[in-house]
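The values are calculated or read from the model by the stated rules, or taken from the named source; none is laboratory data. Note that the coordinates shown come from a computational prediction; the quantities given were computed from them, not determined experimentally. Quick reminder, even Gly has a Cβ in these numbers, built from the backbone with ideal geometry, and neighbours come from all protein chains shown.
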């Protein structure tokens, strides 16, 4: 039995860039390949129209015995007219070697994006426990989602990915010697948009324990409150015993603060404060 004539039009099975993919801001054209299930000549248009009048021809593999990949046949082209911050739609139709033509277009889109921005960065000044922090905005998904890296050079290839990233907030704890340091930062979103910046700060090892600089009693409430101020952010504990180890006392409500308080009565309090570097201050006796 002789095979009948080929009456089935070709179909587009996939594209080298996934349908609906983001593209970076400012990109006006891009190379894309489309793959059909049989050798075919393909065209594209910005409007959904007939094959014969589509203005843009593709370069296609018509060799039946030499499929391009996965038994599919490639047609390559350059898609133009990409607009930023917009869904760019393209329509593709193909015709096989028996002149069977797709009646329904393969609808394809690329999403133009807005620039990725670094809107906050840190640290700055003098810090004892430096943490690189970055805040990103806009970009492909318009919510600042990106992956950031840092390094001593501005080249992205030499950078290390932040410990916490792939969102709009990024952080990386650092362990550094005393001195002034500059780190370069680059963030990249899903579309390939990049934003770069740098931070310069001075790190030092904190060896000084917090000191109590002010003590006063607030009698304006129904029960007196003892207020304590420290010269740096710290956590304070108190006890009615004149000898106790930090960690075994009664914790004052505000950790890592310069201001601390405790209910005040008719007995003596003994107070110890410690900072985030585990420097512990001297025991201070406070009498009513």
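Before we move on, is residue 143 within 30 Å of residue 285 (Cβ to Cβ), touching a strand residue (DSSP E or B) at 6+ places or on another chain (Cβ under 9 Å) and surrounded by fewer than 18 Cβ atoms within 10 Å (Cβ to Cβ)?
Details: within 30 Å of residue 285 (Cβ to Cβ): no; touching a strand residue (DSSP E or B) at 6+ places or on another chain (Cβ under 9 Å): yes; surrounded by fewer than 18 Cβ atoms within 10 Å (Cβ to Cβ): yes.
No; evaluated as a whole, the condition is false for this residue.
Considering only the range 196-266, give the strands (runs of 3 or more DSSP E) lying wholly within it that have at least 3 residues that are exposed (fewer than 13 other Cβ atoms within 10 Å of the Cβ) and not assigned by TED's automatic domain parsing to the domain that holds residue 160.
Passing ranges, in order: 212-218.
Kindly list the number of the only condition in (1) touching a strand residue (DSSP E or B) at 6+ places or on another chain (Cβ under 6 Å); (2) farther than 30 Å from residue 142 by Cβ; (3) in contact (Cβ under 8 Å) with a residue 60 or more places away in the chain that fails for residue 37.
Going through (1) touching a strand residue (DSSP E or B) at 6+ places or on another chain (Cβ under 6 Å); (2) farther than 30 Å from residue 142 by Cβ; (3) in contact (Cβ under 8 Å) with a residue 60 or more places away in the chain one by one, residue 37 breaks only (3).
Give me the residue from the range 16-59 that is in a loop (DSSP other than H, G, I, E, B) and loosely packed, with under 12 Cβ neighbours inside 10 Å and, out of that set, farthest from the chain's Cα centre (by Cα).
55
Taking the conditions exactly as written (in a loop (DSSP other than H, G, I, E, B) and either in contact (Cβ under 8 Å) with a residue 12 or more places away in the chain or surrounded by 13 or more Cβ atoms within 10 Å (Cβ to Cβ) (or both)), does residue 276 satisfy them or not?
Yes, satisfied.
I'd like to know if the range 183-191 contains one or more residues that are loosely packed, with under 15 Cβ neighbours inside 10 Å, in contact with a strand residue (DSSP E or B) (Cβ under 8 Å, 6 or more places away or on another chain) and either at pLDDT 95 or above or in the same structural domain as residue 281 (by TED's automatic domain parsing) (or both).
The first filter runs over the range 183-191 and keeps only residues loosely packed, with under 15 Cβ neighbours inside 10 Å, leaving none.
Within the range 183-191, none of the residues are loosely packed, with under 15 Cβ neighbours inside 10 Å, in contact with a strand residue (DSSP E or B) (Cβ under 8 Å, 6 or more places away or on another chain) and either at pLDDT 95 or above or in the same structural domain as residue 281 (by TED's automatic domain parsing) (or both).
Only one residue in 73, 91 is under 30 Å from residue 138 (Cβ atoms), crowded, with 16+ Cβ neighbours inside 10 Å and out of contact with any helix residue (DSSP H, G or I) (no Cβ under 6 Å at 6 or more places or on another chain). Which one? Walk me through it before giving the result.
Values: 73 fails: under 30 Å from residue 138 (Cβ atoms).
Unique residue meeting the criteria: 91.
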